[in-house]
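Participant: Before I ask anything, here is the structure I am working with.
The values are calculated or read from the model by the stated rules, or taken from the named source; none is laboratory data. A quick note: this is a predicted structure, and the numbers were derived from the prediction, not measured. All Cβ positions, glycine included, derive from the backbone under ideal geometry; neighbour counts span all protein chains shown. Areas reflect the complete protein model, heavy atoms only, side chains present, ligands, DNA and RNA absent. Shrake-Rupley method; radii C 1.70, N 1.55, O 1.52, S 1.80 Å.
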Amino acid sequence: MTMDAYIADLPKAELHLHIEGSLEPELMFELARRNRVAIPFDTVEAVRAAYDFSNLQDFLDIYYAGAEVLRTEQDFQDLALAYFRRAAADRVRHAEIFFDPQTHTDRGIPFQVVIEGLTSGMAAARTELDVSSQLILCFLRHLDEDAAQATLSAAEPWLDRIAGVGLDSSEVGHPPSKFQRVFDRAGAMGLKRVAHAGEEGPPAYVWEALDLLKIDRMDHGNRSMEDEALIQRLAASGMTLTVCPLSNLKLCVVDDLAKHPVPEMLRRGLHVTLNSDDPAYFGGYVNDNYRALAAAVGLTREQVTQLARNSFEGAFLSPGEKIARL
Ligand code: ADE
Ligand code: ZN
């Protein structure tokens, strides 16, 4: 069996996926037509050609513009189900998906529309595709603490549908400490806590995510590798890192996939998982990430198996649920 076939056949969980980042250009056009929203592109090819980024902010500007076409419950349901179909084809058995409510509520789309649509798509994925899922509400870190607090308050009627909170958007200049109080409040509500840290931001932001936000899982974490004490802390605590190789390449976090830190992370005993982040924008779903990384750095089958095993170990599922998803 080839490595690609081996990867295709491995059951896996996806733990770092922004549902708005799974909006393929074809669906973007369909929703623009359905909702009579103007988009600044004439063709699907022109959209794809615009996906050429030099850093995180370049991408975020286009990503937030793309989300403009999402208006109705049906749109969010269609978006989610399209992702789950792709994920199921990659043998994803469980996904913990991020959504950015502020991207929608700030343009007048009610929180209820977003969550009802996404959870309808998740329910359909469970029955039609046998893919289970959970929702993680992300605060946009370029906005202020009061806006994050208001978003958490808006989520309160829906807490039974939300597994946790996360922190995303522009990292540098927006340290985790800015959100300590809202993360404390989310923890007191019984929500899990995750945060993007060390994607572009320095190791100090990773320390803050651990010590101030008290995260249960870390998104990216690449720049942790610059700090020996931090590596040891992550290894000793068994912290799961949700790493996204093709995202890192597209956003110039690494300049060459062959130099990606995953092999060193594994060697140092870090609990690394592979994920697609924003697959419609970065040129690949989860198996593309496994395949591209395996080819670029020469992963062994044992390492690939370990990465998939880590994805279930790091999931917010009970031990019994994990076994049932394999
Ligand atoms: N929002 C969507 N994808 C993101 C990423 N990779 N980093 C920060 N915010 C994001
Ligand atoms: Zn992300």
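Participant: Of the conditions (1) crowded, with 22+ Cβ neighbours inside 10 Å; (2) free of Cβ contacts under 8 Å to residues at least 60 places away in the same chain; (3) within 16 Å of ligand 2 (Cβ to nearest atom), residue 164 satisfies every one except a single condition; which number is it?
Facilitator: The single condition residue 164 does not satisfy is (2).
Participant: Moving to a separate point now. Among the residues of segment 15-25, is any more than 16 Å from ligand 1 (Cβ to nearest atom) and closer than 27 Å to residue 243 by Cβ? Steps first, please.
Facilitator: Quick first cut of segment 15-25, residues more than 16 Å from ligand 1 (Cβ to nearest atom) only: 25.
So of that shortlist, the ones also closer than 27 Å to residue 243 by Cβ come out as 25.
Yes: one or more hits.
Participant: Still on this structure: Testing residue 300 on (1) open to solvent by less than 40 Å² (accessible area, probe 1.4 Å); (2) more than 21 Å from residue 201 (Cβ to Cβ), one condition comes back false. Which one is that?
Facilitator: Condition (1) is where residue 300 drops out.
Participant: Also, I was wondering about something else. Name the one entry in 288, 277 that is open to solvent by less than 10 Å² (accessible area, probe 1.4 Å) and among the acidic types (Asp, Glu).
Facilitator: None of the others qualify; the one that does is 277.
Participant: Which condition number does residue 230 fail, the rest of (1) within 26 Å of residue 93 (Cβ to Cβ); (2) open to solvent by less than 10 Å² (accessible area, probe 1.4 Å) being met?
Facilitator: The single condition residue 230 does not satisfy is (1).
Participant: Those residues that are in a loop (DSSP other than H, G, I, E, B) and either open to solvent by 10 Å² or more (accessible area, probe 1.4 Å) or among the basic types (Lys, Arg) (or both), I need them from segment 233-259; list them, please.
Facilitator: Within segment 233-259, 238, 239, 252, 253, 254, 255, 256 meet the criteria.
Participant: Are any residues in segment 210-219 within 14 Å of ligand 1 (Cβ to nearest atom) and either without any contact (Cβ under 8 Å) to a residue 40 or more places away in the chain or surrounded by fewer than 18 Cβ atoms within 10 Å (Cβ to Cβ) (or both), and if so, which ones?
Facilitator: 218
Participant: Against the definition (outside any strand (DSSP E or B) and either basic (Lys, Arg) or closer than 22 Å to residue 113 by Cα (or both)), how does residue 46 come out, yes or no?
Facilitator: no
Participant: Tell me yes or no: at least one residue of segment 307-317 is outside any helix (DSSP H, G or I) and open to solvent by 40 Å² or more (accessible area, probe 1.4 Å).
Facilitator: No.
Participant: I need the full set of residues from segment 7-55 which are farther than 24 Å from residue 101 by Cβ and among the acidic types (Asp, Glu), in order please.
Facilitator: 9, 26, 42, 45, 52
Participant: Now for a different question. Of all residues in segment 171-191, count the ones that are within 16 Å of ligand 2 (Cβ to nearest atom) and open to solvent by 50 Å² or more (accessible area, probe 1.4 Å).
Facilitator: The total comes to 1.
Quick grid of which residues meet (1) free of Cβ contacts under 8 Å to residues at least 60 places away in the same chain; (2) under 18 Å from residue 102 (Cα atoms); (3) surrounded by fewer than 17 Cβ atoms within 10 Å (Cβ to Cβ); (4) among the aliphatic types (A, V, I, L, M):
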position: 150; (1), (2), (3), (4): yes, yes, yes, yes
position: 153; (1), (2), (3), (4): yes, yes, yes, no
position: 169; (1), (2), (3), (4): no, yes, no, no
position: 194; (1), (2), (3), (4): yes, yes, no, yes
position: 199; (1), (2), (3), (4): no, no, no, no
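Participant: While we're looking at this one, here's another question. For segment 245-296, name all the residues that are within 13 Å of ligand 1 (Cβ to nearest atom) and of a type in the set (D, E, K, R).
Facilitator: 250, 277, 278
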